[in-house]
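The values are calculated or read from the model by the stated rules, or taken from the named source; none is laboratory data. Keep in mind it's a predicted model, so treat the numbers as computed, not measured. Cβ coordinates were reconstructed from backbone atoms using ideal geometry, including for glycine residues, and neighbour counts include every protein chain displayed. For the accessible areas, the whole protein counts, side chains as well, though only heavy atoms, and no ligand, DNA or RNA atoms are used. Shrake-Rupley method; radii C 1.70, N 1.55, O 1.52, S 1.80 Å.
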Amino acid sequence: MPQCETRYFGTVSYDPQSVITFSAGLPAFEHCRCFLPIEDAARQPFIFLQSLEDPHLCFLTLPVAMLDRGYQLKVSVDDLATIGLEKSLAAGTDLRCLAVVSFSPEGAATANLLAPIIVNAVTRQAVQAVRDDSVYSSCHALTPEAASCS
Amino acid sequence: MLVIRRRAGESILIAGEVEIEVLEITPTRVKLGIKAPKEVPVLRKEVRLTEDHNRAAAQEVPLNLLAPLLPLLRVKP
């Protein structure tokens, strides 16, 4: 099995089948395409997305449904095409929806529900789908003390 | 904030080189056409907010910050 350097877990072996590919990168990280999802039993439900191109880049994510059970997914036709789907989200399409989490220096955590990461679980293609409405916040507070922003 | 009323087909100019034309108005949306020099980036604001959030999220996280969050996540309805 191939190995990679990670930001939080040292060198790990991984199954190439588990790698997810962002053919367009992520906003502000367009050069990073391949990420390894890492789940750490002690830190569930967090899922670490480790860049295979940059060992120092690792996003912490949470399943969107865990943050907002009623989350209404809205993905543009272009973003659907990026993950190999056509025109509309058919019922039963096997998708994973993850929200990127960031921490302020004071430890307050926010999740980006404006732009969930959508993974086509069958093809492992992924996209960070930035919504075109303002229904959800780019910094949804996870902790009571996290100041909410626009 | 500067507020200008425009109808479909009318434009505004910014710094003489960026033109924003109102193409179509519906009850819920406005379609805009933007002419700008190649070196002027034009982004939906949501993309900029996501870039900013991603940059913040890319900073190293002391993993001990996660422990206090785990119970909050488990009890969420």
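Looking at segment A:56-125, the trypsin sites (Lys or Arg not before Pro) that sit in a DSSP loop and have at most 10 other Cβ atoms within 10 Å of their own Cβ are A:ARG69, A:LYS87. 3J(HN,Hα) couplings calculated from phi for segment A:74-79 with the Karplus curve 6.51 cos²θ - 1.76 cosθ + 1.60 (θ = phi - 60°) are, in sequence order, 9, 10, 6, 4, 5, 5 Hz; Gly and Pro show x. Per-residue Karplus couplings for segment A:48-54, computed as 6.51 cos²θ - 1.76 cosθ + 1.60 with θ equal to phi - 60°, are listed in order as 8, 9, 8, 5, 8, 8, 9 Hz, Gly and Pro entered as x.
Peptide A:27-35 is shielded by partner chain Cβ atoms: per residue, an average of 3 of them sit within 10 Å of its Cβ. For chain B, leaving out every one of the GluC sites (Glu not before Pro) that falls in a DSSP loop and has at most 14 other Cβ atoms within 10 Å, the longest unbroken run is B:18-38.
In order along segment A:106-114, the phi-based Karplus estimate (6.51 cos²θ - 1.76 cosθ + 1.60, θ = phi - 60°) of 3J(HN,Hα) comes to 7, x, 6, 10, 10, 10, 8, 8, 6 Hz; Gly and Pro are listed as x. If you keep only loop residues by DSSP, which chymotrypsin sites (Phe, Trp or Tyr not before Pro) in segment A:2-108 have at most 15 other Cβ atoms within 10 Å of their Cβ? The qualifying sites are A:TYR8, A:PHE9. Computed from label points 7 Å out along Cα-Cβ, the spacing between B:ALA15 and B:LEU63 is 4.5 nm. Report the one residue of B:PRO37, B:VAL22, B:PRO71 whose Cα lies farthest in the direction of the positive end of the charge dipole of chain B (charges on C-beta: Lys and Arg +1, Asp and Glu -1; origin at the Cα centre). Selected residue: B:PRO71. The angle between the Cα long axis of helix B:45-57 and the longest principal axis of the Cα atoms of chain B comes to about 30 degrees, rounded to the nearest 10.
If the Kirkwood radius is taken over C-alpha pairs of chain B, then at 20 °C and 1.002 mPa s the Stokes-Einstein diffusion coefficient equals 127 µm²/s.
For segment B:30-51, backbone nitrogen atoms closer than 19 Å to the point 7 Å from A:ALA81 Cα along Cα-to-C-beta are found at B:44. For A:LEU57, the residues whose modelled amide H falls within less than 5 Å of its own, excluding neighbours fewer than 5 places apart on the same chain, are A:SER51. The trypsin sites (Lys or Arg not before Pro) of segment B:37-77 that meet both conditions, a loop assignment by DSSP and at most 10 other Cβ atoms within 10 Å of the site Cβ, are B:LYS38. Over the residues of chain A, the helix contribution to mean residue ellipticity at 222 nm works out to -1500 deg cm²/dmol, using -39500 (n - 2.57) for each DSSP H run of at least 4. Here is the interface size for A with B: some 2900 Å² of accessible area buried, both sides summed, with a 1.4 Å probe. Based on the inverse mean of 1/r over its pairs of different Cα atoms, what is the Kirkwood hydrodynamic radius of segment A:3-146, in Å? For segment A:3-146, inverting the mean 1/r across all distinct Cα pairs yields 15.7 Å.
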